[in-house]
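Read through the structure below, which is laid out as structure tokens, and then see the notes.
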Amino acid sequence: MVTGSSRDYFVDHPKTALLVVEVSDTTIHEDTHDKASLYATGGIADYWVVDLTTDRVLVFRSPAPDAASRFGTNYAP
């Protein structure tokens with residue numbers, strides 16, 4: 001989900017998003033660790049992972065610095 005309308009992106013792609021939804025089947029560890037850290041570092045406020053193996057939706061919010069994460073930022077617990 002991005003701000004603006006489709007007309008805003010005729011020439012260029014969006015630079016950020018309000019929400020990213022990942023559908024995960026076999027990559028749940030990567031999606032909830034490395035990708036979460038990457039999206040948090042990019043300032044994505046909401047990141048959802050639809051885990052097809054457990055029929056759950058994991059919601060990550062509030063990016064915050066986290067030196068232990070791969071990209072130095074992660075979602076607050």
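The values are calculated or read from the model by the stated rules, or taken from the named source; none is laboratory data. Because the structure is a prediction, the values reported are computed rather than measured. Please note: Cβ atoms are built from the backbone with ideal geometry, for glycine as well, and neighbour counts cover all protein chains shown.
Quick check, is D46 touching a Lys or Arg at 6+ places or on another chain (Cβ under 7 Å), surrounded by 16 or more Cβ atoms within 10 Å (Cβ to Cβ) and either within 17 Å of G72 (Cβ to Cβ) or not aliphatic (A, V, I, L, M) (or both)? Taking the combined requirement at face value, the residue satisfies it.
Taken together, A40, A17, A36 contain a single residue that is modelled with pLDDT under 95 and either assigned to a loop (DSSP other than H, G, I, E, B) or out of contact with any Asp or Glu (no Cβ under 7 Å at 6 or more places or on another chain) (or both), which is A17. Scanning region 4-21 for residues that are closer than 22 Å to W48 by Cα, of a type outside the set (A, V, I, L, M, F, W, C) and surrounded by 10 or more Cβ atoms within 10 Å (Cβ to Cβ) yields P14, T16. You will find that of T54, T27, T73, the residue that is at pLDDT 90 or above and surrounded by fewer than 11 Cβ atoms within 10 Å (Cβ to Cβ) is T54 and no other. Of the residues examined, A76 is one that is within 24 Å of T3 (Cα to Cα) and over 10 Å from the mean Cα position of the chain (by Cα).
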